[in-house]
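See below for the structure under consideration.
The values are calculated or read from the model by the stated rules, or taken from the named source; none is laboratory data. Since we're looking at a predicted model, the values are computed, not measured. All Cβ positions, glycine included, derive from the backbone under ideal geometry; neighbour counts span all protein chains shown. Surface areas here come from the heavy atoms of the whole protein model, side chains and all, with no ligands, DNA or RNA. Shrake-Rupley method; radii C 1.70, N 1.55, O 1.52, S 1.80 Å.
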Amino acid sequence: MKLKKILSFLIVFAITSNLFASKVISISDDDWRNALSWNNNAVPENPDTIVIRHYITFSENLTLKAPTVLIIEDGGTLCGDYLMTVLCGAKVLNHGHWYVNELKIKSSGNFNYNYFYFKTSWVISDCETGQSSGEPPSFYNSPPKGHINTWAPTLCKTAETNWLKESTGIPTNGNAQEFFVSISPNPLNSGYLNVWAKGSFELKLFDTQGALIYSEEGTDHSLVDMRDYVNGFYFVAIVYKNKMVYRKLFVEH
């Protein structure tokens, strides 16, 4: 029994280390492959989370691998006249503007909440079978703000691709405290999650498949009872002052 507990701890530790590996945030309007575009001065190489708050272009085929979660925030844009592939285990949450020539998704739990445009095609296939489905749970388009449309034959950085719209994402330092938002404890082992924000906010809790499992509106502070939630990882989204802050939460009772 003792050996089993040790092995369980090592497995959890390995998973935790992997999933909390790194978070990369855009800090300027530029190309994906330019290291100066990112807060860590390095081109994203399969990190935990990539957050786009600016106008980021990609000038070659782009592939997202597990466990990366790409978040395009409100005011952010990802644009490239190339193929973008989202492999099993990787995810995209689009709240901004997303332009691709061709999109291939082999992963569940991808969400489009604002504008997604493609030039050639977009193909959804199931991770387990590899068969084309074209239906959820691989990709969710969320009306009324979620729009999917074709991209006219123009280049990136034009008015047609949202180039003139000012980026209004969360400040580039990536510190949620700038918006007086915080969650604790994380990892959570007390059974209750504390959420603080100075004023009104909306809290959403998602599982690792991207399914919404809890939501509430609060003012200043909310206490979420997590005692009945299974151990594992969750995504916490806090809508505050018309911005959305994401955090990963690890529950270990």
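Answer yes if at least one residue in the stretch 210-227 is at pLDDT below 85 and within 28 Å of residue 98 (Cα to Cα), and no otherwise. Yes: one or more hits. Filtering the stretch 153-161 for residues that are outside any helix (DSSP H, G or I), at pLDDT below 85 and of a type in the set (Gly, Ala, Ser) leaves an empty set. Can you find, within the stretch 95-117, the residue that is farthest from residue 68 (Cα to Cα) among those that are within 12 Å of the chain's Cα centre (by Cα) and assigned to a strand (DSSP E or B)? It comes out as 112. Filtering 202, 178 for residues that are more than 19 Å from residue 91 (Cβ to Cβ) and at pLDDT 80 or above leaves a single hit, 202.
Please find, within the stretch 76-94, the residue that is nearest to residue 163 (Cα to Cα) out of those that are outside any strand (DSSP E or B) and under 14 Å from the mean Cα position of the chain (by Cα). Per the stated criteria, the residue is 76.
In a residue-by-residue description of the stretch 233-251, the property of being outside any strand (DSSP E or B) and modelled with pLDDT of 80 or more applies to no position.
Does residue 74 satisfy the criteria of being at pLDDT 90 or above, acidic (Asp, Glu) and either more than 18 Å from residue 212 (Cα to Cα) or surrounded by fewer than 17 Cβ atoms within 10 Å (Cβ to Cβ) (or both)?
On the way: at pLDDT 90 or above: no; acidic (Asp, Glu): yes; either more than 18 Å from residue 212 (Cα to Cα) or surrounded by fewer than 17 Cβ atoms within 10 Å (Cβ to Cβ) (or both): yes.
Judged against the criteria, residue 74 is not a match.
Scanning the stretch 209-247 for residues that are basic (Lys, Arg) and crowded, with 18+ Cβ neighbours inside 10 Å gives a single hit, 243. Of the residues making up the stretch 22-38, those that are within 17 Å of residue 245 (Cα to Cα) and either open to solvent by 30 Å² or more (accessible area, probe 1.4 Å) or part of a loop (DSSP other than H, G, I, E, B) (or both) are 22, 23, 27.
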